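The values are calculated or read from the model by the stated rules, or taken from the named source; none is laboratory data. Since the structure is predicted, the reported quantities are computational estimates derived from the model, not experimental observations. So basically every Cβ, Gly included, is an ideal-geometry build from the backbone, and we count neighbours across all protein chains shown. Remember, those area values only see protein heavy atoms, side chains included, never the ligands or the DNA or RNA. Shrake-Rupley method; radii C 1.70, N 1.55, O 1.52, S 1.80 Å.
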Amino acid sequence: MSAEYATFGLAPAMRAGGVLADGGFQVHRDFVDFIVDGRPLLFQLSDLDAVSPLASDVPPAIFTAQVRSLLLETDAPLPGGRYVVYGCPECEDLACGAVTAAIDRDGEDFVWRDFAWQTDEHADLERNGYHGIGPFRFQGAEYRTALHSLLDTAANTRRRVLLIGARVALLAKLAAALRIIGIGADITREARDVPADELRAYGAVAFGRAVTEDERAAVRRSFERAGVDVAYVDGLAPIVPLLVAQIEHALDRSPVERRRLTRLVAADGEAGVEVTSPCRVRLTAYRLDRLYRAHAHEVFDGILEAGRHRIALDTRAVKGESFVVARTSGSVLVEAMAR
């Protein structure tokens, strides 16, 4: 079995959820991605909306079982020694489609080969194989070290958000939207009396516009005393899908250099977008009119090649106080429209 050596690593990744402009929603998923030769393996699979089996929201026992499976300590779940590498982010049904690969041990090495798109128990390599991907040979020590490191940190991702503000009705709607997509949320006016153990459950704090600088500073001191490093979000506008996007971006712990969507600027009726690999990008514009009513407009939805792109925006969608949200399957960025 011949294959050149490839490096193997792991990195946190995110499947961006969110409340969409049409009223629908996508579930937020945090997972660990496979890094092959310094690049996420998922990026080699075109624009695939999927997550690895190493997801943070599965019970610890199942997470551990997935790691043991990839170490070949248990039998393969599919015929032909095949393992699910990426699956549906909404459910665990193989019928939705999954990327699978045969994983073998060759001496001390581990080899991933015969990648395929699979929708039932048996893979059709001729028809559905990823013929340009792999095989990958990983050095056994590097491979085992990376996966064993997960067993000590399984399911410890902080996916709760603390919402602080004066508009309780808006915060309640925001909390409900976050919970729908799988992100826990709690509401408070201040954090001075919250026990340190509870503060450690949060990955981000979102401030409403009415929260003063003194109040924000007090909250930050509370987290500093508890020794908790969290992301802070200053809400751009009282628009729930916009705030959800800001919070999702804040919760993204994946390395910036390994994200698909790395740049968004919005000015002069245009959006500037940079992506690191071909992928579907959706741009949504949100604005507040003179009566402070929110409006949403889908302004772009298409496949972009790797690189920087300038996209003209409908002037009606970005007039007045407006904002642009850019989404790929794994990233989300938010910018206020500069004037």
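Of all positions in the stretch 19-42, none carries a residue that is in the same structural domain as ILE133 (by the TED database), in contact with a His (Cβ under 6 Å, 6 or more places away or on another chain) and crowded, with 20+ Cβ neighbours inside 10 Å. Residues of the stretch 243-269 that are touching a Leu at 6+ places or on another chain (Cβ under 7 Å), farther than 25 Å from PRO40 by Cβ and surrounded by fewer than 23 Cβ atoms within 10 Å (Cβ to Cβ): GLY269 alone. Could you list, in sequence order, the residues of the stretch 75-104 that are under 22 Å from SER46 (Cβ atoms) and either assigned to a loop (DSSP other than H, G, I, E, B) or not assigned by the TED database to the domain that holds LEU45 (or both)? Residues satisfying the conditions are CYS88, PRO89, GLU90, CYS91, ASP93, GLY97. Among the criteria (1) in a helix (DSSP H, G or I); (2) farther than 18 Å from CYS88 by Cα, the one ALA11 does not fulfil is (1).
Only strands (runs of 3 or more DSSP E) wholly contained in the stretch 271-339 count here; list those with 3 or more residues that are open to solvent by less than 20 Å² (accessible area, probe 1.4 Å).
279-288, 321-327
Among the numbered conditions (1) in contact with a helix residue (DSSP H, G or I) (Cβ under 7 Å, 6 or more places away or on another chain); (2) open to solvent by 70 Å² or more (accessible area, probe 1.4 Å); (3) more than 29 Å from ASP252 (Cβ to Cβ); (4) at pLDDT 90 or above, the only one that ALA116 does not meet is (2). Exactly one residue among ALA176, ALA101 is in contact with a strand residue (DSSP E or B) (Cβ under 9 Å, 6 or more places away or on another chain) and at pLDDT 95 or above, and that residue is ALA101.
For (1) among the hydrophobic types (A, V, I, L, M, F, W, C); (2) assigned by the TED database to the domain that holds LEU291; (3) within 19 Å of ARG160 (Cα to Cα); (4) out of contact with any strand residue (DSSP E or B) (no Cβ under 8 Å at 6 or more places or on another chain), each residue gets a yes or a no:
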{"position": "ALA206", "(1), (2), (3), (4)": "yes, no, yes, no"}
{"position": "ARG216", "(1), (2), (3), (4)": "no, no, yes, no"}
{"position": "SER222", "(1), (2), (3), (4)": "no, no, yes, yes"}
{"position": "ALA231", "(1), (2), (3), (4)": "yes, no, yes, no"}
{"position": "ASP234", "(1), (2), (3), (4)": "no, no, yes, no"}
{"position": "ALA237", "(1), (2), (3), (4)": "yes, no, no, no"}
{"position": "PRO241", "(1), (2), (3), (4)": "no, no, yes, no"}
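For the condition touching a His at 6+ places or on another chain (Cβ under 9 Å) and outside the structural domain of ILE181 (by the TED database), GLY140 does not qualify. Taken as a whole, the structure leaves VAL324 outside the set of residues that are aliphatic (A, V, I, L, M) and within 18 Å of the chain's Cα centre (by Cα). Residues that are under 26 Å from the mean Cα position of the chain (by Cα) and free of Cβ contacts under 8 Å to residues at least 12 places away in the same chain were ranked within the stretch 92-131; the one that is farthest from ASP37 (Cα to Cα) is ASP93.
If we keep just the residues of the stretch 207-232 that are assigned to a strand (DSSP E or B) and open to solvent by 10 Å² or more (accessible area, probe 1.4 Å), which is farthest from SER254 (Cα to Cα)?
Residues of the stretch 207-232 that are assigned to a strand (DSSP E or B), as a first pass: 207, 231-232.
Retained after the next criterion (residues that are open to solvent by 10 Å² or more (accessible area, probe 1.4 Å)): 231-232.
Values: ALA231: 13, TYR232: 17 Å.
Here the answer is TYR232.
Of the residues that make up the stretch 170-191, is at least one on the phi > 0 side of the Ramachandran plot and not in a helix (DSSP H, G or I)? For the stretch 170-191, residues on the phi > 0 side of the Ramachandran plot and not in a helix (DSSP H, G or I): present.
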